[in-house]
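Shown next, in structure tokens, is the structure this report addresses.
Every read-out reported here was derived from the displayed coordinates using simple, explicitly stated rules and does not represent laboratory data. Here the structure is a predicted model, which means the values were calculated and not measured. Ideal geometry is used to build each Cβ from the backbone, glycine not excepted, and the neighbour counts take in all protein chains shown.
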Amino acid sequence: MKTKKIISLILLFAFALFCESVYAKENAPTVRTSVDRKTILIGDRIKYSISVSCGKNADISFPGFQDDKIGDFEVKESGRLTKKGFFDTRTITNWYSITIYSVGKHSIPESEIRYRKKGSSEEWKSVKAKAINVIVQSVLPGGNIPADIKDIKGPIGFFEINWWIVGTILVVISAVLLYLIRRRRFVPVKLPHETALEELESAHANFLRGGSAEDYYVSVSDCVRHYIERAFRLKAPEMTTEEFLNSLKNTSRLSLEQKGLLGEFLNACDLVKFAKYAPSRPEADTVFETAKKFIEETKG
């Protein structure tokens, strides 16, 4: 009895495969769409696939995506796989490695697959590949201002002195002071943190008036970098973020917590400057508040 049941199941399975193949050869192809992940971080790559099951005598035309874009997603790589099935059927899969640089819910739109009998001059028919929704999450902090920054330790540093340059500078300074005393006009010199706060407020005001997010993040990043250079006498012109942070690795002027916070801040700015990330308004305000807090609590 058990043997008969097993044989019956095998025959039933074979019959189902046969019916499916006949349907695939005589009717419209079966189209399936899929992604390997439906929730990703910004800038991550996912694999999007369009699979078409059809008979071997069918011509299949996949959609062409203009400017290497599928909806809001950018196509980085693509390829095709063909797998033979039972009873002269086959499955053709076009895959695309795609990415996106804005957070939120995004849709990979539906596309049109065209088909007709191979070698035929009849008009193309079409079936739709269903749309797929993907959730894109930010890699930045969730809009929260980082914890308070503790005061820095006393400055310790060493630099070479060129006495010819120092003497020249002292002479020039003396001449300028003498001129100002005679004219009774004293021009107040701004401290590094005062200059930095003014630059920061100016950048934020320009952004609120409709300035671009990229220009805003460049200005805020440069403001903090120049403040550290002026306030702590650290030479770091034209350095990358990684080089700049490495120059601070051995300094005792910043605590480990401050160095970590500074690294997260500069990397967040680089994400906007170089990775096309489009920040939300709360994220832009958080960057402003973080930079302002860092300057105010390290001004000495």
**Euclidean distance between Cα centres, segment 102-120 to segment 25-97, Å** = 8
**Asked** Does segment 221-264 come out rounded, prolate or oblate by the C-alpha gyration tensor, with a ≥ b ≥ c the root eigenvalues, rounded set by a/c under 1.5 and, if not, prolate when a/b is larger than b/c and oblate if not?
**Response** rounded
**Request:** First measure r as the distance between the Cβ atoms of LEU256 and ASN206, then evaluate 1/(1 + (r/R0)^6) with R0 = 25 Å and state the FRET efficiency to the nearest 0.05.
**Result:** 0.15
**Asked** With each pseudo-label sitting 7 Å past Cα toward Cβ, what's the VAL189-GLN137 distance in nm, one decimal?
**Response** 5.1
**Local electrostatic count at ALA213 - Lys and Arg +1, Asp and Glu -1, tallied over other residues with Cβ under 11 Å** = 0
**Message:** Through the Karplus equation 6.51 cos²θ - 1.76 cosθ + 1.60, θ set to phi - 60°, convert the phi angles of segment 117-122 into ³J(HN,Hα) values in whole Hz; use x for Gly and Pro.
**Reply:** 5, 4, x, 7, 9, 5
**Item:** Fully extended contour minus Cα-Cα distance, from LYS47 to GLU243, at 0.36 nm per residue
**Value:** 67.2 nm
**Fill in**
So, with points 7 Å from each Cα along the Cβ direction, the SER78-LYS118 label distance in nm works out to 2.3
**Prompt:** Modelled label-to-label distance, LYS56 and TRP163, 7 Å Cα→beta-carbon offset: nm?
**Reply:** 9.4
**Prompt:** What's the extension gain from GLU110 to LEU178 if we count 0.36 nm per residue and subtract their Cα-Cα distance?
**Reply:** 16.8 nm
**Asked** For segment 60-77, in order, what is each residue's ³J(HN,Hα) by Karplus, 6.51 cos²θ - 1.76 cosθ + 1.60 with θ = phi - 60°, in whole Hz (x at glycine and Pro)?
**Response** 10, 10, 7, x, x, 9, 6, 6, 6, 10, 10, x, 8, 8, 9, 8, 9, 8
